[in-house]
Amino acid sequence: MSVLSAGASAIQRILKQTPSPVRVLVVWEPMLPTDWSRPSGMVQARISDPRVVQFWDKGHFIAKELQQQLSSSQACCQRNGIVWDVAALYPGDTQWGASPAFFGGAVLDVAGEIHQHLSAMSIRR
């Protein structure tokens with residue numbers, strides 16, 4: 001299993017433990033030499049929660065926008081200046097352009113923190 005597939009599986013496990021109303025945007029982008037095209041249905045099936053929307057961002061548009069929202073201290077997980085394999089959490093009332101309430105990566109490494117932040121966000125509701 002690739003690191004990214006493991007990260008996707010970790011997100012699926014977190015979502016199973018998170019009953020609160022959340023929306024998840026999974027952005028797949030070409031970062032490795034083997035990333036010739038969008039991930040297969042088998043890879044995308046690792047995150048099957050209905051609260052998840054997945055799409056292929058060949059031009060790295062989301063990563064570039066996210067990079068602009070981050071302070072330099074938050075800029076982890078980059079390859080050739082492109083942010084990847086990260087989680088960014090935003091409260092439901094956030095306007096585009098605001099910094100995330102949580103940002104970290106690699107996804108597999110911060111899965112516990114993601115779960116803690118999602119739990120805290122649902123308690124505050």
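The values are calculated or read from the model by the stated rules, or taken from the named source; none is laboratory data. Owing to the predicted nature of the structure, the values given are computational and were not obtained by experimental measurement. Virtual Cβ from ideal backbone geometry, glycine too; neighbours counted across all protein chains shown.
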Has the stretch 6-27 got any residue that is charged (D, E, K, R), more than 20 Å from SER119 (Cα to Cα) and assigned to a loop (DSSP other than H, G, I, E, B)? no
Would you check if there is a residue in the stretch 32-42 being among the hydrophobic types (A, V, I, L, M, F, W, C) and assigned to a helix (DSSP H, G or I)? yes
Answer yes or no as to whether ALA6 is under 14 Å from VAL107 (Cα atoms) and either at pLDDT below 85 or among the basic types (Lys, Arg) (or both). yes
Considering the stretch 26-43 alone, what residues qualify as being surrounded by 12 or more Cβ atoms within 10 Å (Cβ to Cβ) and in contact (Cβ under 8 Å) with a residue 12 or more places away in the chain? VAL26, VAL27, TRP28, GLU29, PRO30, MET31, ARG38, PRO39, VAL43
Name the pairs whose Cβ atoms lie under 9 Å apart, with the first residue in the stretch 52-64 and on the phi < 0 side of the Ramachandran plot, the second of a type in the set (Ser, Thr, Tyr) and exposed (fewer than 12 other Cβ atoms within 10 Å of the Cβ), and 6 or more positions between them or separate chains? TRP56/SER37; LYS58/SER37
Mind checking whether some residue in the stretch 78-94 is in a helix (DSSP H, G or I), under 16 Å from the mean Cα position of the chain (by Cα) and modelled with pLDDT under 90? no
